[in-house]
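Undergrad: Before I ask anything, here is the structure I am working with.
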Amino acid sequence: MKTRFFLLAMLAGLPGVLLIAWLVLPQMLQGQAVPAPLWVLQLASGVQSTALLALAGWVGMRRADKVGLRAPLLTAMAQRQSPWPSLRRLCWPGLIGGVLGGVWLVLLARFAPAELLQVQQAIQVPLIAKLLYGGITEELLIRWGLMTLATWAIWRALGARRSAPSAAHLYAAIAVSALIFGLGHLPALIATLGAVTLSTALFVVFGNTVFGLVAGWLFWRCGLEAAMLAHAIAHLVAHIAMV
């Protein structure tokens, strides 16, 4: 069952990896001096992201059950059971979280620094890439992999005598993973602009960290797919509103 789960997670996350490498990376590097042909950089980016996705899938598969985190929809599919009962339970939390996240993205866009608007004009990320990479791949990387590992590490470091992580351990892991999620948006920004001001960097980190807290809570309380659904719907709501 675990092998099937791992393969399903990889199949879910790989389309987002490919879309970013082949559709978004060329826009980021446009007009810049690059050390190798574009196709080589795209291949390297895809391989690196695939390796990270595999690592996150393996970490989550090994540790999630031990710390009370779960992916009910993927688990049901891996066990060849009907996914619909799990989908019904996580649908509403994911939908509500996604609408709130979309409103948050729209508010951020209204107050975005000029540097960030410049990036948004230079890089037109297709909606499908936002939905698949943001909604699925990032959630596998950040929540399933990183947050699971952070929960396990905090529990073992601070509460090893407990049979399971406490709520405080989970809240700490949510905060850590959300902050790293926020910081993880800086490299692409810097690669596009060359340098960013401190105020822009803080704006980007803060905006994404806030949503990371919501997604982390959904993962904990409702399952990984609720966070995936919320992330995808947030992008969809923001796209519709800003169009």
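Undergrad: Where the accessible area of region 149-243 is counted over protein heavy atoms with a 1.4 Å probe, how much of it, in %, is carbon and sulfur?
TA: 72 percent
Undergrad: Right, here's the next one. Using 0.36 nm per residue of separation minus the Cα-Cα distance, give me the extension gain between V40 and W58 in nm, one decimal. Please list the in-between numbers first.
TA: On the way: separation 18, 0.36 × 18 = 6.48 nm, distance 2.69 nm.
That pair, V40 and W58, stretches by 3.8 nm at full extension.
Undergrad: Label points 7 Å out from Cα along the Cβ direction at K66 and Q30: separation in nm?
TA: The modelled label-to-label distance comes out at 4.6 nm.
Undergrad: Going by average Cβ neighbours within 10 Å, how do the peptides 4-16, 126-138, 190-202 rank, with the highest at the top?
TA: On the way: 4-16: 18.2, 126-138: 20.8, 190-202: 13.4.
Packing order, densest peptide first, comes out as 126-138, 4-16, 190-202.
Undergrad: Shape of region 140-243 from its Cα gyration tensor (a ≥ b ≥ c, root eigenvalues): rounded if a/c is under 1.5, otherwise prolate when a/b > b/c, or oblate?
TA: Working: a/c = 2.85, a/b = 1.55, b/c = 1.83.
It is oblate, given that a/c is not under 1.5 and a/b is not larger than b/c.
Undergrad: Still on this structure: Which order do peptides 113-124, 47-58, 68-79 fall in by mean Cβ count within 10 Å, highest first? Mind dumping the intermediate values first?
TA: Numbers: 113-124: 13.8, 47-58: 17.1, 68-79: 19.9.
By packing density, highest mean first, the sequence is 68-79, 47-58, 113-124.
Undergrad: Once label points are set 7 Å from the Cα along Cα→Cβ at both R4 and V243, what is their separation, rounded to one decimal in nm?
TA: Distance between the two pseudo-spin positions: 3.7 nm.
Undergrad: What does the charge count near R80 come to, summing +1 for each Lys or Arg and -1 for each Asp or Glu among other residues with Cβ under 14 Å from its Cβ?
TA: Values: positive: K2, R4; negative: none.
Counting the neighbours of R80, the net charge comes to +2.
Undergrad: Round to the nearest 10 and report in Å² the accessible area of L186, as given by a 1.4 Å probe over the protein chains' heavy atoms.
TA: Here the residue's solvent-accessible area equals roughly 30 Å².
Undergrad: Continuing with this model, one more query. What percentage of all Cα-Cα pairs in region 103-166 are separated by more than 19 Å?
TA: Numbers: 1179 of 2016 pairs.
Tail of the P(r) past 19 Å holds 58 percent of the pairs.
Undergrad: Could you give the nm distance between label points at A153 and Q48, where each point is 7 Å from its Cα heading toward the beta carbon?
TA: 2.0 nm
Undergrad: Output the Cα-based Rg and Dmax of the chain in Å, rounding Rg to one decimal and Dmax to a whole number.
TA: Both quantities, over Cα of the chain: 18.0, 56 Å.
Undergrad: Still on this structure, I have one more. Could you sort 34-44, 141-151 so that the peptide with the highest average Cβ count within 10 Å comes first and the rest follow in order?
TA: 141-151, 34-44
Undergrad: Another one. With a Cα-only, solvent-free Debye model of region 27-111, what are the log10 I(q)/I(0) values at q = 0.11, 0.13, 0.17, 0.24 Å⁻¹?
TA: -0.63, -0.82, -0.98, -1.07
Undergrad: Where the convex hull is taken over the Cα atoms of region 192-243, what is its projected area averaged over directions, in nm²? Could the numbers behind the result be given before it?
TA: Numbers: hull surface 18.9 nm².
Dividing the Cα hull surface by four gives the mean projection, 4.7 nm².
The values are calculated or read from the model by the stated rules, or taken from the named source; none is laboratory data. These figures come from a predicted structure and were not determined experimentally. Positions of Cβ are generated from backbone atoms using ideal geometry, with glycine treated the same way; all protein chains shown enter the neighbour counts. Note: areas computed on protein heavy atoms with side chains; ligands, DNA, RNA excluded. Shrake-Rupley method; radii C 1.70, N 1.55, O 1.52, S 1.80 Å.
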